[in-house]
Amino acid sequence: MEKLINQFELGLFFWQVLIFVGLILLLKKFAWKPILDAVNDREEGIKNALLSAENARKEMQNLQADNQRILQEARLERDNMLKDAREMKDKMVDDAKTEAQAQGQKMIDQAKAAIESEKNAAMAELKLHVSTLSLSIAEKILKEELSNKEAQTKLVEKLLGDVKLN
């Protein structure tokens, strides 16, 4: 360092300072402005990228919240649909049971009516056979009694006696 101070020349220093200042002015006019503009543009680009990233992060959070909400709504809707399906199934089963009971009762009533009808028909037929048999027996008895003249006379006298008594 001492050597530099001993060899110092004012003229050389002047020209070096003048070239240095000229170089700085040239750099300022032609290089610094584009370099600073590029740095500022890059800084703006980074700020915009960070802002976009923050907006994207917020949007992602909103989407996740929406997805959770939609998923929750879908679960509720699914639960409601399952509940409705169970209720519909229970109603259909109850309706089927009720209809089956009604059909069964209707069949029982029809069977009772058929049995009653058959019973009445059998009773009518039995009455017809009894009346036919009774008439046949009465006819035979009357033929027997009317064929005998003496028995006929006694019967007529007896009937006349009964009529007088009443």
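Observations
- Extension gain from residue 14 to residue 44, taking 0.36 nm per residue of separation minus the Cα-Cα distance: 6.7 nm
- Residues residue 54 and residue 76, FRET efficiency given R0 of 45 Å [Cβ-Cβ distance, rounded to 0.05]: 0.85
- Reciprocal mean inverse distance between Cα atoms of the chain - Kirkwood radius, Å: 31.5
- Under the convention that each Lys and Arg Cβ holds +1 and each Asp and Glu Cβ holds -1, the size of the dipole of the chain around its Cα centre is about 40 debye.
- C-alpha long axis of helix 33-147 to longest principal axis of the chain, angle in °: 0
- Accessible surface, per residue, of the range 29-166 when the full set of protein chains is kept, probe 1.4 Å, Å²: 92
- Full-extension gain in nm, residue 61 to residue 127, via 0.36 nm per residue minus C-alpha separation: 14.1 nm
- Nitroxide proxy distance, nm - points 7 Å out along Cα→Cβ at residue 115 and residue 91: 3.8
- For the range 70-119, taking Cα atoms only, Rg and Dmax work out to 21.1, 71 Å respectively.
- The chain, accessible surface, carbon-and-sulfur percent (1.4 angstrom probe): 63
The values are calculated or read from the model by the stated rules, or taken from the named source; none is laboratory data. In this text the structure is predicted, and so the values were computed from the model without any measurement. Cβ coordinates were reconstructed from backbone atoms using ideal geometry, including for glycine residues, and neighbour counts include every protein chain displayed. To get the accessible areas, we keep the full protein, side chains included, count just its heavy atoms, and leave off ligands, DNA and RNA. Shrake-Rupley method; radii C 1.70, N 1.55, O 1.52, S 1.80 Å.
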